[in-house]
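Notes to accompany the following structure.
The values are calculated or read from the model by the stated rules, or taken from the named source; none is laboratory data. None of the values given here were measured: they were computed from a predicted structure. Glycine also receives a Cβ, built like all others from the backbone with ideal geometry; neighbour counts cover every protein chain displayed. Heavy atoms of the whole protein, side chains included, go into the accessibility calculation; ligands, DNA and RNA do not. Shrake-Rupley method; radii C 1.70, N 1.55, O 1.52, S 1.80 Å.
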Amino acid sequence: MYKVCKFGGSSLANAEQIRKVCDIMLSDPARRVMIVSAPGKRTRDDIKVTDLLIALANARINGYDAARELQAVIDRFASISAELELPPAILDEIERDLQQRLCEDCSNSMRFLDAIKAAGEDNCARLVACYLQSIGRTASYIHPGEAGLLLTEEYGNAQVLPESYASLNKLRDIPGISVFPGFFGFTPSGRIVTFSRGGSDITGSILAAATDAQVY
C-alpha cells in the first residue's frame, strides 16, 4: 500500500497544527508522500502566507523596497520555526530563499508573482521536513524541479507535461516521508510556474497518479 496525503493551509497554520499533521503521517507507514500548502490563517482575522507573499510581490512590482512586506513573511515563518524548536539554520535558509526570489527581474509581473507566491508552499515543505528530522524521523524535502514536475509556461495556470509522470514515479524509491510543496512546478527552461487556484490539490492528484498510489 502506498498513500499520498495533501494538507491545506489551515492544517499548517502554526506549530501545533504542523505537529498534528505529522502525527497523522507517522501513524500509518503507508503514508509516504506529504503535499503541503502554504501556512493559512491562525485566526479569522489573520492573513494567509500566500496573501503576504502577494503583497510582497506587488510592492516590488510597483517599485517599493518591500522591506516591510518581506519582514511580515519572515516573521511568520520565524514564529512557526521557534514554536517547533527548529535549529536557526532553517530560518536562515528560508530568508536566503526569499531574498533570492526578490532579486529576480520583475518586469514580467506574472512570472515574478508566480516565483514569489510559490515561496509559501516551498518553505513550508522545508520547515515540515526539518521538523520530522528533528524528532528523529526519516523525511526529505523534495524540490519539484529536481523531482521532475515539469509544467507549461502559463503563469498562474500551468498544465502538467506528460513526461513528468515517469520522473515523479521515482519518489517511491525515497525512504521515509517525502515532503513535497504543492501549487507549483518548473518549466523545462527552469522557471517557477504555478497552477491555478487550489493548486496544491492539483499537485496531489499528479503525484498520486505518478506514484501509482492506492490512496490519495
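For the stretch 14-52, filtered to residues that are among the hydroxyl-bearing types (Ser, Thr, Tyr) and surrounded by fewer than 14 Cβ atoms within 10 Å (Cβ to Cβ), the residue that is modelled with the lowest pLDDT is 43.
Among the residues of the stretch 74-97, is there at least one that is open to solvent by 50 Å² or more (accessible area, probe 1.4 Å) and polar (S, T, N, Q)? Step through it out loud before you land on a result.
Taking the stretch 74-97 and keeping what is open to solvent by 50 Å² or more (accessible area, probe 1.4 Å), we get 75, 82-83, 85, 87-89, 92-93, 95-96.
Filter once more, so that each one left must be polar (S, T, N, Q): none.
No - not one qualifying residue is present in the stretch 74-97.
Would you point out which residue out of 193, 128, 179 is assigned to a helix (DSSP H, G or I) and either among the β-branched types (Val, Ile, Thr) or over 24 Å from residue 55 (Cβ atoms) (or both)?
Details: 193 fails: assigned to a helix (DSSP H, G or I); 179 fails: assigned to a helix (DSSP H, G or I).
Checking each option against the conditions leaves just 128.
Per the listing 121, 104, the residue uniquely of a type in the set (D, E, K, R), farther than 24 Å from residue 12 by Cα and surrounded by 14 or more Cβ atoms within 10 Å (Cβ to Cβ) is 104.
Among the residues of the stretch 184-201, the one identified as free of Cβ contacts under 8 Å to residues at least 24 places away in the same chain and within 12 Å of residue 149 (Cβ to Cβ) is 199. Would you please name the residue that is farthest from residue 41 (Cα to Cα), looking only at residues in the stretch 53-73 that are touching an Asp or Glu at 6+ places or on another chain (Cβ under 6 Å) and either open to solvent by 10 Å² or more (accessible area, probe 1.4 Å) or free of Cβ contacts under 8 Å to residues at least 40 places away in the same chain (or both)? Out of the qualifying residues, it is 59.
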